[in-house]
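Beneath this line is the structure, given in structure tokens, with notes to follow.
The values are calculated or read from the model by the stated rules, or taken from the named source; none is laboratory data. None of these values were measured; they are calculated from a predicted model. For neighbour counting, all protein chains shown are included, and Cβ atoms are generated from backbone atoms with ideal geometry for every residue, glycine included. The accessibility values were calculated without ligands, DNA or RNA, using every heavy atom of the protein model including side chains. Shrake-Rupley method; radii C 1.70, N 1.55, O 1.52, S 1.80 Å.
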Amino acid sequence: MKKILRPLTVIALAAALAFSSGCGEDTSWSYKSSGTTLSNGNWIYYTYTEYQNALSKIEEQKSESSSADTSKDDSEQSSEPDLSKEKIENKKALDWIYSEAKDSCIAQLTLEKLVKDKKVKIDEEQLEAMESNYKTYYENYFEKTLTKLGVSEETYITANVRSAYLSQQLFQNIYGKNGSKEVSDDELNKYFKEKYTHYFYISYPLTSTDENGQTTEISDEDKEKAQTNFNKYANMLNKQNKTTDDVVSQYKTDFSSETDPSTSQTVILENSGLSDELQKAIKELSEKQAVVKTIDDQMYIIYKAPIADYVSKIKTDDKIDATDMTQISRTNILYSMKSDEFEDYLDSEKKKLDYDKNDACMSKYTVQRTIDIIKEAEAESE
């Protein structure tokens with residue numbers, strides 16, 4: 001008679017071996033490619049950062065929803081979201097976090113490969129100087145939680161500093177001086193004159209707030225004084241060929257002030273952070289024109305300078321004088337010109353990258369594990 005136990009024994013042995021093998025799988029790394037291996041800490045850290053991003057996005061979605069649905073009370077809007085029930089960009093929130101963390105890992109590997117392939121110069125001393133600041137951040141703000149998650153100081157610094165530094169150096173290698181797609185001074189200056197604006201303004205509040213938080217309009221006498229003087233400043237700039245420095249000096253005399261009351265900047269207006277109304281007022285001005293306007297309980301004298309006058313203020317990073325606030329970084333303008341193109345390039349290179357993913361690491365260090373540990377750490381600190 002045949003022994004019917006033999007096949008079961010073989011199956012049991014195979015299962016035992018598989019279990020033994022599974023328990024011994026290496027979970028110390030998460031992703032690797034072209035000689036670069038990311039630790040499990042890299043993966044965990046990115047699930048941590050993308051969890052924070054997910055909370056922000058969910059809060060934005062709730063804010064937009066609540067503005068459309070006023071029936072929701074404040075407690076419902078401010079409660080801690082249950083990510084197992086939330087969606088972000090039509091994905092389950094946990095899946096979105098996983099996908100974004102994966103993308104960050106692949107982006108890091110892509111940068112390492114491109115820098116190596118293009119022989120991009122790395123200044124180790126500069127990199128170390130940047131890293132020293134992040135050691136302080138880790139120790140003061142993140143060490144307790146990240147240690148529980150399994151993210152070392154070295155991993156934290158690499159994810160935050162090295163990737164950013166490599167991206168900067170690669171960008172310069174492509175678009176900077178002697179780069180493969182070098183942007184000439186003529187091209188950069190042309191872009192600068194077309195896109196940038198130099199504005200100057202002084203504002204004067206038309207209301208005051210007392211110690212009880214009560215807001216009242218300033219007196220008619222003070223309003224008239226402000227209106228008379230601001231009209232005078234506009235006339236100085238429009239008809240008397242005076243400078244903004246002259247206006248500042250006159251303001252200090254008129255209002256017995258020792259500090260410079262003005263704000264001036266050379267920027268792309270849409271990126272300036274100014275209110276829409278103030279941006280609109282500046283855009284409507286011709287160059288070398290000043291105007292007095294009242295916007296949101298503030299009186300303004302606004303002046304737009306000829307942007308061509310500021311081309312000479314564009315300096316390379318090694319020539320920037322930190323004490324001269326009128327100087328403009330060439331690198332910043334270059335980023336304005338080429339950052340979208342650069343991001344598209346990195347995205348296309350990410351899609352081409354050959355990499356290995358450690359499923360055992362993903363299974364052990366799940367997104368939910370990260371969330372649970374963060375919540376435990378938050379509860380302990382309360």
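I want to confirm something. Restricting to region 171-181 and keeping residues that are under 16 Å from residue 317 (Cβ atoms) and surrounded by 12 or more Cβ atoms within 10 Å (Cβ to Cβ), which single residue is farthest from the chain's Cα centre (by Cα)?
Filtering region 171-181 for residues under 16 Å from residue 317 (Cβ atoms) gives 171-173, 175-179.
If we keep only those that are surrounded by 12 or more Cβ atoms within 10 Å (Cβ to Cβ) as well, we get 171-173, 175-176, 179.
Details: 171: 17, 172: 19, 173: 22, 175: 21, 176: 22, 179: 25 Å.
Within region 171-181, the match that is farthest from the chain's Cα centre (by Cα) is 179.
Going by the conditions given, is residue 139 open to solvent by 70 Å² or more (accessible area, probe 1.4 Å), among the charged types (D, E, K, R) and closer than 27 Å to residue 379 by Cβ? So residue 139 fits the description; yes. Got a number for residues in region 246-280 being crowded, with 16+ Cβ neighbours inside 10 Å and in a loop (DSSP other than H, G, I, E, B)? Total satisfying the criteria: 1.
Condition check: among the hydrophobic types (A, V, I, L, M, F, W, C), more than 25 Å from the chain's Cα centre (by Cα), within 30 Å of residue 228 (Cα to Cα) and open to solvent by less than 50 Å² (accessible area, probe 1.4 Å). Does residue 301 satisfy that? Yes.
A count restricted to region 281-298 and to residues that are of a type outside the set (Lys, Arg), under 15 Å from residue 265 (Cα atoms) and surrounded by fewer than 16 Cβ atoms within 10 Å (Cβ to Cβ) stands at 1.
Take the conditions over 16 Å from residue 148 (Cβ atoms), without any contact (Cβ under 8 Å) to a residue 40 or more places away in the chain and either open to solvent by 50 Å² or more (accessible area, probe 1.4 Å) or not aliphatic (A, V, I, L, M) (or both) and apply them to residue 321. Does it pass? Answer is yes for this residue. Is it the case that region 188-198 has a residue that's among the aromatic types (Phe, Trp, Tyr), surrounded by 19 or more Cβ atoms within 10 Å (Cβ to Cβ) and not in a helix (DSSP H, G or I)? Among the residues of region 188-198, at least one is among the aromatic types (Phe, Trp, Tyr), surrounded by 19 or more Cβ atoms within 10 Å (Cβ to Cβ) and not in a helix (DSSP H, G or I), which makes the answer yes. Only one entry in 243, 207 is in contact (Cβ under 8 Å) with a residue 40 or more places away in the chain and surrounded by 11 or more Cβ atoms within 10 Å (Cβ to Cβ), namely 207. Of all residue pairs spaced 6 or more apart or on separate chains, those with beta-carbon atoms under 9 Å, a first member in region 327-344 that is closer than 20 Å to residue 111 by Cα and a second member that is polar (S, T, N, Q) and open to solvent by 70 Å² or more (accessible area, probe 1.4 Å) are 331/168. Would you mind telling me which numbered condition in (1) in contact with a Lys or Arg (Cβ under 9 Å, 6 or more places away or on another chain); (2) surrounded by 10 or more Cβ atoms within 10 Å (Cβ to Cβ); (3) modelled with pLDDT under 95; (4) over 18 Å from residue 372 (Cβ atoms) residue 38 fails? It is condition (3) that residue 38 fails.
Just one of (1) at pLDDT 95 or above; (2) in contact with a strand residue (DSSP E or B) (Cβ under 8 Å, 6 or more places away or on another chain) fails for residue 86. It is (1).
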